[in-house]
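A.B. asks: Can you read through this structure? Questions will come right after.
The values are calculated or read from the model by the stated rules, or taken from the named source; none is laboratory data. No experiment lies behind these values; they were computed from the predicted model shown. For neighbour counting, all protein chains shown are included, and Cβ atoms are generated from backbone atoms with ideal geometry for every residue, glycine included. When the accessible area is computed, the model is the full protein with side chains, heavy atoms only, and any ligands, DNA or RNA have been set aside. Shrake-Rupley method; radii C 1.70, N 1.55, O 1.52, S 1.80 Å.
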Amino acid sequence: MGRHSLWGHDLQREMFRRALQRGRLGHAYLFSGPRGIGKKQFALLLAQSLLCEKRSAEGMNPCGECSGCRQVLTLTHPDLMLVGLPEGKSELPIETFVGSPDKRGREGLCHDLSLAPMHGGFRVAIIDDADCMNIASANALLKTLEEPGPRSVLVLITEDAEQVIRTIRSRCQQVNFGALADAELQAILKHNAAREGVEYPPERLEQALREAQGSVLRAEEWLTRMEQGGSGAASLSAVLSRPGFRVQDLASAADQLLNQYGSDTQGQRAGAHAILDCCREYCYRHLVRTASQPDVDPRIPDAWGDALELCLHAGIQNERRASVSLCLDAFYQELEIRLRPTWKNMGVRS
Ligand SMILES: [Zn+2]
(Lines give C-alpha, C1' and ligand atoms only; values in the text may rest on other atoms or scores of the structure.)
Protein backbone atom coordinates (compact mmCIF):
# COMPACT_ATOMS: atom_id res chain seq x y z
CA MET A 1 0.00 0.00 0.00
CA GLY A 2 1.47 3.31 -1.02
CA ARG A 3 1.02 6.81 0.21
CA HIS A 4 -2.32 8.37 0.77
CA SER A 5 -3.93 9.01 -2.58
CA LEU A 6 -4.94 12.60 -2.17
CA TRP A 7 -5.21 15.09 -4.97
CA GLY A 8 -5.75 18.79 -4.82
CA HIS A 9 -6.35 20.95 -1.75
CA ASP A 10 -2.78 22.25 -1.93
CA LEU A 11 -3.49 25.34 0.14
CA GLN A 12 -4.94 23.34 3.00
CA ARG A 13 -2.08 20.89 2.81
CA GLU A 14 0.42 23.71 3.01
CA MET A 15 -1.39 25.23 5.97
CA PHE A 16 -1.20 21.98 7.94
CA ARG A 17 2.36 21.35 6.85
CA ARG A 18 3.42 24.64 8.37
CA ALA A 19 1.37 24.08 11.53
CA LEU A 20 3.00 20.68 12.02
CA GLN A 21 6.46 21.99 11.28
CA ARG A 22 6.09 24.70 13.90
CA GLY A 23 4.36 22.44 16.41
CA ARG A 24 1.28 24.66 16.27
CA LEU A 25 -1.41 22.15 15.50
CA GLY A 26 -4.82 23.03 16.96
CA HIS A 27 -6.94 20.66 19.04
CA ALA A 28 -10.07 20.84 16.92
CA TYR A 29 -10.81 21.52 13.28
CA LEU A 30 -14.00 21.77 11.29
CA PHE A 31 -13.57 20.75 7.65
CA SER A 32 -16.33 21.93 5.36
CA GLY A 33 -16.97 21.71 1.63
CA PRO A 34 -19.03 19.86 -0.98
CA ARG A 35 -19.71 16.13 -0.86
CA GLY A 36 -17.16 13.73 -2.30
CA ILE A 37 -14.15 16.04 -2.77
CA GLY A 38 -11.78 14.35 -0.32
CA LYS A 39 -12.34 15.99 3.08
CA LYS A 40 -12.23 12.66 4.86
CA GLN A 41 -9.18 11.62 2.83
CA PHE A 42 -7.53 14.81 3.95
CA ALA A 43 -8.40 14.12 7.59
CA LEU A 44 -6.90 10.64 7.20
CA LEU A 45 -3.77 12.10 5.64
CA LEU A 46 -3.46 14.37 8.67
CA ALA A 47 -3.97 11.37 10.97
CA GLN A 48 -1.34 9.45 9.06
CA SER A 49 1.07 12.36 9.31
CA LEU A 50 0.60 12.39 13.07
CA LEU A 51 0.74 8.64 13.59
CA CYS A 52 3.53 7.78 11.13
CA GLU A 53 6.38 6.04 12.93
CA LYS A 54 8.91 7.74 10.69
CA ARG A 55 7.38 11.14 11.23
CA SER A 56 9.58 13.73 9.62
CA ALA A 57 9.94 17.37 10.53
CA GLU A 58 8.51 18.14 7.10
CA GLY A 59 4.92 17.55 8.21
CA MET A 60 2.03 16.19 6.07
CA ASN A 61 4.48 13.79 4.55
CA PRO A 62 3.83 10.34 6.03
CA CYS A 63 5.99 7.47 4.80
CA GLY A 64 2.94 5.37 3.88
CA GLU A 65 4.76 2.17 4.68
CA CYS A 66 5.33 1.86 8.43
CA SER A 67 2.81 -0.04 10.49
CA GLY A 68 1.36 3.23 11.81
CA CYS A 69 0.66 4.47 8.29
CA ARG A 70 -0.80 1.15 7.23
CA GLN A 71 -3.03 0.96 10.29
CA VAL A 72 -4.43 4.40 9.48
CA LEU A 73 -5.22 3.32 5.93
CA THR A 74 -7.01 0.20 7.15
CA LEU A 75 -8.67 2.19 9.97
CA THR A 76 -7.24 -0.17 12.58
CA HIS A 77 -4.83 2.19 14.35
CA PRO A 78 -5.52 2.14 18.11
CA ASP A 79 -5.00 5.91 18.31
CA LEU A 80 -7.41 6.70 15.49
CA MET A 81 -11.16 6.98 15.92
CA LEU A 82 -13.50 7.52 13.01
CA VAL A 83 -17.23 7.92 13.48
CA GLY A 84 -20.07 9.00 11.20
CA LEU A 85 -23.78 8.65 10.68
CA PRO A 86 -24.84 5.04 11.38
CA GLU A 87 -26.51 3.27 8.45
CA GLY A 88 -30.16 4.29 8.11
CA LYS A 89 -29.94 6.91 10.89
CA SER A 90 -30.41 10.64 10.58
CA GLU A 91 -28.57 11.64 13.76
CA LEU A 92 -25.22 10.88 15.36
CA PRO A 93 -26.43 9.26 18.59
CA ILE A 94 -25.15 10.16 22.06
CA GLU A 95 -23.83 6.57 22.41
CA THR A 96 -21.21 7.33 19.76
CA PHE A 97 -19.71 9.92 22.08
CA VAL A 98 -20.18 8.64 25.63
CA GLY A 99 -21.06 4.95 25.21
CA SER A 100 -24.20 2.95 25.82
CA PRO A 101 -26.27 3.75 29.01
CA ASP A 102 -24.69 0.94 31.05
CA LYS A 103 -21.17 2.00 30.11
CA ARG A 104 -21.76 5.74 29.99
CA GLY A 105 -18.52 7.68 30.21
CA ARG A 106 -16.43 4.52 30.01
CA GLU A 107 -16.52 4.18 26.27
CA GLY A 108 -17.36 6.23 23.18
CA LEU A 109 -15.36 8.79 21.28
CA CYS A 110 -15.06 11.36 24.12
CA HIS A 111 -13.70 8.72 26.48
CA ASP A 112 -11.30 7.27 23.93
CA LEU A 113 -9.96 10.67 22.99
CA SER A 114 -9.16 11.50 26.62
CA LEU A 115 -6.80 8.53 26.94
CA ALA A 116 -3.07 8.90 26.51
CA PRO A 117 -1.85 7.88 23.05
CA MET A 118 -1.08 4.17 22.93
CA HIS A 119 1.87 4.59 20.64
CA GLY A 120 3.23 7.73 22.19
CA GLY A 121 2.23 10.07 19.37
CA PHE A 122 -1.27 11.50 19.14
CA ARG A 123 -4.91 10.53 19.58
CA VAL A 124 -6.89 11.47 16.48
CA ALA A 125 -10.68 11.46 16.20
CA ILE A 126 -12.57 12.15 12.99
CA ILE A 127 -16.29 12.90 13.12
CA ASP A 128 -17.93 12.68 9.73
CA ASP A 129 -21.45 14.10 9.19
CA ALA A 130 -20.79 16.51 12.07
CA ASP A 131 -23.93 18.47 11.12
CA CYS A 132 -25.98 15.44 12.23
CA MET A 133 -25.02 15.76 15.89
CA ASN A 134 -28.10 16.23 18.05
CA ILE A 135 -28.12 18.46 21.15
CA ALA A 136 -27.20 15.63 23.52
CA SER A 137 -24.27 14.54 21.34
CA ALA A 138 -23.11 18.10 20.94
CA ASN A 139 -23.20 18.69 24.70
CA ALA A 140 -21.15 15.58 25.30
CA LEU A 141 -18.59 16.68 22.73
CA LEU A 142 -18.50 20.20 24.10
CA LYS A 143 -16.79 18.98 27.28
CA THR A 144 -14.09 17.33 25.21
CA LEU A 145 -13.63 20.50 23.19
CA GLU A 146 -13.30 22.60 26.34
CA GLU A 147 -10.82 20.26 28.01
CA PRO A 148 -9.03 18.46 25.21
CA GLY A 149 -6.84 15.50 26.15
CA PRO A 150 -3.09 15.94 25.82
CA ARG A 151 -1.89 15.39 22.26
CA SER A 152 -5.39 14.88 20.95
CA VAL A 153 -6.67 16.16 17.62
CA LEU A 154 -10.31 16.27 16.64
CA VAL A 155 -11.49 16.75 13.07
CA LEU A 156 -15.16 17.38 12.34
CA ILE A 157 -16.38 17.04 8.77
CA THR A 158 -19.46 18.58 7.20
CA GLU A 159 -20.78 19.75 3.86
CA ASP A 160 -22.12 22.93 5.44
CA ALA A 161 -20.43 24.47 8.47
CA GLU A 162 -23.55 26.57 9.17
CA GLN A 163 -25.45 23.36 9.91
CA VAL A 164 -23.12 22.40 12.76
CA ILE A 165 -24.36 23.41 16.21
CA ARG A 166 -22.94 26.85 16.90
CA THR A 167 -21.30 26.13 20.25
CA ILE A 168 -19.36 23.31 18.60
CA ARG A 169 -18.51 25.28 15.51
CA SER A 170 -17.15 28.23 17.48
CA ARG A 171 -14.66 26.00 19.28
CA CYS A 172 -13.14 24.62 16.11
CA GLN A 173 -10.77 26.14 13.60
CA GLN A 174 -12.66 26.15 10.33
CA VAL A 175 -10.98 24.89 7.20
CA ASN A 176 -12.91 25.26 3.96
CA PHE A 177 -12.40 22.89 1.07
CA GLY A 178 -13.45 23.67 -2.48
CA ALA A 179 -14.51 21.50 -5.41
CA LEU A 180 -11.69 19.73 -7.23
CA ALA A 181 -10.38 21.16 -10.48
CA ASP A 182 -11.26 19.13 -13.59
CA ALA A 183 -7.66 18.01 -14.10
CA GLU A 184 -7.43 16.76 -10.50
CA LEU A 185 -10.78 15.04 -10.74
CA GLN A 186 -9.83 13.40 -14.01
CA ALA A 187 -6.57 12.11 -12.51
CA ILE A 188 -8.45 10.61 -9.56
CA LEU A 189 -11.10 8.97 -11.76
CA LYS A 190 -8.43 7.45 -13.99
CA HIS A 191 -6.42 6.28 -11.00
CA ASN A 192 -9.46 4.64 -9.37
CA ALA A 193 -10.56 3.10 -12.66
CA ALA A 194 -7.08 1.64 -13.29
CA ARG A 195 -7.13 0.14 -9.79
CA GLU A 196 -10.41 -1.58 -10.66
CA GLY A 197 -9.12 -2.60 -14.06
CA VAL A 198 -11.68 -0.40 -15.83
CA GLU A 199 -11.12 2.02 -18.68
CA TYR A 200 -13.73 4.64 -19.58
CA PRO A 201 -14.16 5.94 -23.10
CA PRO A 202 -12.86 9.55 -23.20
CA GLU A 203 -16.26 11.06 -24.03
CA ARG A 204 -17.87 9.31 -21.06
CA LEU A 205 -15.13 10.57 -18.77
CA GLU A 206 -15.67 14.06 -20.13
CA GLN A 207 -19.39 13.85 -19.47
CA ALA A 208 -18.68 12.54 -15.96
CA LEU A 209 -16.54 15.62 -15.31
CA ARG A 210 -19.41 17.86 -16.40
CA GLU A 211 -21.82 16.00 -14.14
CA ALA A 212 -19.52 15.93 -11.15
CA GLN A 213 -19.06 19.61 -10.25
CA GLY A 214 -15.68 18.79 -8.80
CA SER A 215 -16.85 15.83 -6.72
CA VAL A 216 -15.29 12.37 -7.09
CA LEU A 217 -18.33 10.79 -5.53
CA ARG A 218 -20.78 12.42 -7.93
CA ALA A 219 -18.62 11.46 -10.91
CA GLU A 220 -18.35 7.85 -9.81
CA GLU A 221 -22.04 7.58 -9.03
CA TRP A 222 -22.82 8.88 -12.50
CA LEU A 223 -20.36 6.50 -14.16
CA THR A 224 -21.87 3.56 -12.26
CA ARG A 225 -25.37 4.58 -13.33
CA MET A 226 -24.16 4.69 -16.93
CA GLU A 227 -22.50 1.26 -16.63
CA GLN A 228 -25.61 -0.29 -15.09
CA GLY A 229 -27.91 1.26 -17.61
CA GLY A 230 -25.60 0.39 -20.50
CA SER A 231 -27.87 -1.90 -22.51
CA GLY A 232 -31.07 0.01 -21.74
CA ALA A 233 -29.32 3.24 -22.63
CA ALA A 234 -28.15 1.75 -25.91
CA SER A 235 -31.68 0.84 -27.00
CA LEU A 236 -32.95 4.24 -25.92
CA SER A 237 -30.29 5.92 -28.06
CA ALA A 238 -31.18 3.57 -30.91
CA VAL A 239 -34.81 4.75 -30.85
CA LEU A 240 -33.78 8.40 -30.65
CA SER A 241 -31.56 7.98 -33.68
CA ARG A 242 -34.50 6.74 -35.81
CA PRO A 243 -36.16 9.65 -37.60
CA GLY A 244 -39.90 9.41 -37.19
CA PHE A 245 -39.74 7.20 -34.10
CA ARG A 246 -43.01 6.60 -32.28
CA VAL A 247 -43.60 7.78 -28.72
CA GLN A 248 -44.51 4.26 -27.61
CA ASP A 249 -41.19 2.90 -28.96
CA LEU A 250 -39.37 5.50 -26.92
CA ALA A 251 -41.42 4.62 -23.84
CA SER A 252 -40.76 0.90 -24.14
CA ALA A 253 -37.02 1.37 -24.66
CA ALA A 254 -36.99 3.65 -21.62
CA ASP A 255 -38.88 1.00 -19.63
CA GLN A 256 -36.03 -1.43 -20.26
CA LEU A 257 -33.74 1.01 -18.57
CA LEU A 258 -36.23 1.73 -15.80
CA ASN A 259 -36.59 -2.00 -15.05
CA GLN A 260 -32.91 -2.22 -14.20
CA TYR A 261 -33.64 -0.13 -11.13
CA GLY A 262 -35.69 -1.01 -8.07
CA SER A 263 -39.48 -0.90 -8.23
CA ASP A 264 -39.79 1.25 -5.11
CA THR A 265 -40.15 5.02 -5.46
CA GLN A 266 -36.47 5.64 -4.88
CA GLY A 267 -35.47 3.08 -7.50
CA GLN A 268 -37.97 4.46 -10.01
CA ARG A 269 -36.70 7.95 -9.45
CA ALA A 270 -33.12 6.79 -10.01
CA GLY A 271 -34.30 5.00 -13.16
CA ALA A 272 -36.01 8.15 -14.42
CA HIS A 273 -32.82 10.01 -13.67
CA ALA A 274 -30.88 7.53 -15.84
CA ILE A 275 -33.40 7.86 -18.70
CA LEU A 276 -33.23 11.63 -18.59
CA ASP A 277 -29.42 11.53 -18.36
CA CYS A 278 -29.28 9.33 -21.41
CA CYS A 279 -31.63 11.52 -23.47
CA ARG A 280 -29.86 14.65 -22.35
CA GLU A 281 -26.46 13.25 -23.29
CA TYR A 282 -27.85 12.25 -26.68
CA CYS A 283 -29.35 15.69 -27.37
CA TYR A 284 -26.24 17.45 -26.13
CA ARG A 285 -24.03 15.42 -28.45
CA HIS A 286 -26.23 16.24 -31.44
CA LEU A 287 -26.51 19.87 -30.50
CA VAL A 288 -22.73 20.20 -30.41
CA ARG A 289 -22.28 18.26 -33.62
CA THR A 290 -24.95 20.04 -35.68
CA ALA A 291 -24.11 23.50 -34.33
CA SER A 292 -20.56 23.16 -35.61
CA GLN A 293 -21.58 21.93 -39.06
CA PRO A 294 -21.30 24.46 -41.86
CA ASP A 295 -24.42 25.00 -44.01
CA VAL A 296 -26.71 23.41 -41.47
CA ASP A 297 -30.31 24.61 -41.30
CA PRO A 298 -30.22 26.55 -38.00
CA ARG A 299 -33.56 25.03 -37.06
CA ILE A 300 -31.79 21.71 -36.54
CA PRO A 301 -29.38 22.71 -33.75
CA ASP A 302 -32.24 24.85 -32.35
CA ALA A 303 -34.39 21.75 -32.14
CA TRP A 304 -31.65 19.79 -30.36
CA GLY A 305 -31.23 22.74 -28.00
CA ASP A 306 -34.98 22.76 -27.27
CA ALA A 307 -34.88 19.04 -26.62
CA LEU A 308 -31.89 19.45 -24.32
CA GLU A 309 -33.74 22.12 -22.38
CA LEU A 310 -36.69 19.78 -22.03
CA CYS A 311 -34.43 17.06 -20.61
CA LEU A 312 -33.01 19.48 -18.05
CA HIS A 313 -36.46 20.68 -17.08
CA ALA A 314 -37.76 17.12 -16.67
CA GLY A 315 -34.70 16.35 -14.54
CA ILE A 316 -35.60 19.17 -12.18
CA GLN A 317 -39.21 17.98 -11.98
CA ASN A 318 -38.01 14.47 -11.23
CA GLU A 319 -35.90 15.79 -8.38
CA ARG A 320 -38.81 17.83 -7.07
CA ARG A 321 -40.59 14.57 -6.49
CA ALA A 322 -43.33 14.93 -9.07
CA SER A 323 -44.91 11.57 -9.99
CA VAL A 324 -42.26 9.59 -11.87
CA SER A 325 -44.57 7.98 -14.42
CA LEU A 326 -46.55 11.17 -15.14
CA CYS A 327 -43.34 13.11 -15.53
CA LEU A 328 -41.88 10.55 -17.94
CA ASP A 329 -45.05 10.14 -20.04
CA ALA A 330 -45.28 13.87 -20.59
CA PHE A 331 -41.54 13.95 -21.31
CA TYR A 332 -41.70 11.31 -24.08
CA GLN A 333 -44.56 13.09 -25.84
CA GLU A 334 -42.90 16.46 -25.70
CA LEU A 335 -39.49 15.11 -26.71
CA GLU A 336 -40.93 13.56 -29.84
CA ILE A 337 -42.52 16.89 -30.78
CA ARG A 338 -39.34 18.86 -30.17
CA LEU A 339 -37.23 16.46 -32.23
CA ARG A 340 -39.50 16.57 -35.29
CA PRO A 341 -37.59 19.44 -36.95
CA THR A 342 -34.41 17.32 -36.85
CA TRP A 343 -36.06 14.71 -39.07
CA LYS A 344 -36.82 17.11 -41.87
CA ASN A 345 -33.66 16.70 -43.87
CA MET A 346 -33.77 12.97 -43.26
CA GLY A 347 -36.71 12.42 -45.59
CA VAL A 348 -39.35 12.05 -42.92
CA ARG A 349 -42.62 13.94 -42.83
CA SER A 350 -43.18 15.72 -39.59
ZN1 LIG B 1 4.70 5.94 8.20
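A.B. asks: Which residues, taken from the stretch 58-72, are more than 7 Å from the ligand (Cβ to nearest atom) and over 16 Å from Arg13 (Cβ atoms)?
C.D. replies: Selection gives Ser67, Arg70, Gln71, Val72.
A.B. asks: Considering each of Leu75, Leu11 in turn, give the residue that is open to solvent by 50 Å² or more (accessible area, probe 1.4 Å), in a loop (DSSP other than H, G, I, E, B), free of Cβ contacts under 8 Å to residues at least 40 places away in the same chain and more than 10 Å from the ligand (Cβ to nearest atom). First the steps, then the outcome.
C.D. replies: Numbers: Leu11 fails: in a loop (DSSP other than H, G, I, E, B).
Unique residue meeting the criteria: Leu75.
A.B. asks: Output the qualifying pairs, or none if there are none: Cβ atoms under 6 angstrom, residues six or more apart or on different chains, first residue in the stretch 308-329 and within 16 Å of Cys283 (Cβ to Cβ), second residue open to solvent by 20 Å² or more (accessible area, probe 1.4 Å).
C.D. replies: Leu308/Tyr284; Leu308/Leu287; Leu310/Glu334; Leu310/Arg338; Cys311/Arg280
A.B. asks: Out of Arg123, Arg151, which single residue is within 23 Å of Ile168 (Cα to Cα), surrounded by fewer than 21 Cβ atoms within 10 Å (Cβ to Cβ) and either in contact with a strand residue (DSSP E or B) (Cβ under 7 Å, 6 or more places away or on another chain) or at pLDDT 95 or above (or both)?
C.D. replies: It is Arg151.
A.B. asks: In this structure, does Pro117 turn out to be within 19 Å of Gln48 (Cα to Cα), part of a loop (DSSP other than H, G, I, E, B) and modelled with pLDDT of 90 or more?
C.D. replies: On the way: within 19 Å of Gln48 (Cα to Cα): yes; part of a loop (DSSP other than H, G, I, E, B): yes; modelled with pLDDT of 90 or more: yes.
Criteria met by Pro117.
A.B. asks: Let me ask something else about it. Checking the conditions here, which among Arg35, Arg55, Arg70 is more than 26 Å from Glu146 (Cα to Cα), crowded, with 18+ Cβ neighbours inside 10 Å and in contact (Cβ under 8 Å) with a residue 24 or more places away in the chain? Explain how you work it out, then say what you get.
C.D. replies: Working: Arg35 fails: crowded, with 18+ Cβ neighbours inside 10 Å; Arg70 fails: crowded, with 18+ Cβ neighbours inside 10 Å.
None of the other options fit; the residue is Arg55.
A.B. asks: While we're looking at this one, here's another question. Go through Glu159, Glu196 for me and flag whichever is open to solvent by 60 Å² or more (accessible area, probe 1.4 Å), of a type in the set (Asp, Glu) and touching a residue at least 24 places away in the same chain (Cβ under 8 Å). Steps first, please.
C.D. replies: On the way: Glu196 fails: touching a residue at least 24 places away in the same chain (Cβ under 8 Å).
Only one candidate qualifies: Glu159.
A.B. asks: Examine the stretch 86-105 for a residue that is open to solvent by less than 10 Å² (accessible area, probe 1.4 Å), within 16 Å of the ligand (Cβ to nearest atom), part of a loop (DSSP other than H, G, I, E, B) and more than 30 Å from Glu221 (Cα to Cα), and state whether such a residue exists.
C.D. replies: Keep residues of the stretch 86-105 that are open to solvent by less than 10 Å² (accessible area, probe 1.4 Å), which gives 92, 97, 99.
Checking the rest, the ones that are also within 16 Å of the ligand (Cβ to nearest atom) come to none.
No, the stretch 86-105 contains no residue that is open to solvent by less than 10 Å² (accessible area, probe 1.4 Å), within 16 Å of the ligand (Cβ to nearest atom), part of a loop (DSSP other than H, G, I, E, B) and more than 30 Å from Glu221 (Cα to Cα).
A.B. asks: For the structure I just gave you, tell me whether Ala47 is within 13 Å of the ligand (Cβ to nearest atom), open to solvent by less than 60 Å² (accessible area, probe 1.4 Å) and assigned to a helix (DSSP H, G or I). Before the answer, list the steps.
C.D. replies: On the way: within 13 Å of the ligand (Cβ to nearest atom): yes; open to solvent by less than 60 Å² (accessible area, probe 1.4 Å): yes; assigned to a helix (DSSP H, G or I): yes.
In short, yes.
A.B. asks: Working only within the stretch 279-292, note down all residues that are open to solvent by 10 Å² or more (accessible area, probe 1.4 Å) and not hydroxyl-bearing (Ser, Thr, Tyr).
C.D. replies: Those that are open to solvent by 10 Å² or more (accessible area, probe 1.4 Å) and not hydroxyl-bearing (Ser, Thr, Tyr): Arg280, Glu281, Arg285, His286, Leu287, Val288, Arg289, Ala291.
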